[in-house]
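Structure first, commentary second.
What follows is calculated from the coordinates using simple rules that are stated; it is not laboratory data. Bear in mind the structure is a predicted one, so any value in this text is a computation, not a measurement. Because the Cβ atoms are built from the backbone with ideal geometry, glycine has one as well, and the counts that use them run over all protein chains shown.
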Amino acid sequence: MKKLSALLLCLMLVLSCTFAVAESAKKEDYTVVTVNGAFNIRGITPEGYRLEDTQSMDTDIWAVFGSEDPSKPSFSLVISFLEEYANVERLNDLSEAEMYALVDDDPSLNEKIDIMETDYGTKVMILRSDDPSFDFACFVTLYKGYEVGLNVFGADNGTQPLTDAQITQAMKFLSDLDFVPVE
């Protein structure tokens with residue numbers, strides 16, 4: 001009888017662990033965006049957000065994330081193939097001057113630029129608006145010739161300033177993206 005009780009107790013413990021793992025997996029909201037059949041970008045959708053729309057236009061792919069909370073910024077993931085960077089595996093492979101050249105060819109940009117590394121060692125350029133009436137941040141990196149940008153606009157179409165916590169949230173979202181080749 002003791003063996004049967006011990007076996008039942010072990011079975012209950014194993015099942016409770018299995019259910020706990022399954023429950024925690026449900027809480028993560030993964031988003032997968034397929035990029036021209038070349039690779040998938042997989043990531044955990046920021047808390048309080050959902051993937052609202054994905055569009056493919058010529059060589060660009062847009063994934064728009066929204067929140068029902070109007071005080072939260074909006075996110076859009078933009079992926080574009082850049083022929084001149086076709087042989088570049090990652091942004092880390094470029095010199096600092098080449099990195100700045102990646103974003104300097106748009107004369108309408110009027111922002112400050114910083115280069116940072118994610119927790120995984122991937123370099124990311126952060127472009128911040130210097131216009132107080134329109135706050136945005138753009139996080140840019142490269143993967144296999146594709147420019148991957150995460151645009152973050154302050155609430156109310158950029159009229160509200162982005163907080164440090166919102167910038168950190170966006171950097172974490174980009175840092176946690178997983179680039180998976182399509183087999």
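If you place +1 on the Cβ of every Lys and Arg and -1 on the Cβ of every Asp and Glu, how big does the dipole about the Cα centre of region 127-181 come out, in debye to the nearest 20?
The dipole of region 127-181 has a size of about 200 debye.
Give the Rg/Rh ratio for region 29-181, taking Rg as the radius of gyration of the Cα atoms and Rh as the Kirkwood radius, to two decimals.
Dividing the radius of gyration by the Kirkwood radius yields 0.94.
As an exercise, identify the chymotrypsin sites (Phe, Trp or Tyr not before Pro) in region 41-126 lying in DSSP coil whose Cβ has no more than 12 other Cβ atoms within 10 Å.
Counting only loop positions with at most 12 other Cβ atoms within 10 Å, the chymotrypsin sites (Phe, Trp or Tyr not before Pro) in region 41-126 are Tyr120.
Give me, ordered by chain and number, the residues 5 or more places off Leu162 or on other chains with an amide H under 5 Å from its own placed amide H.
Excluding prolines and chain starts, which carry no amide H, there are no hits.
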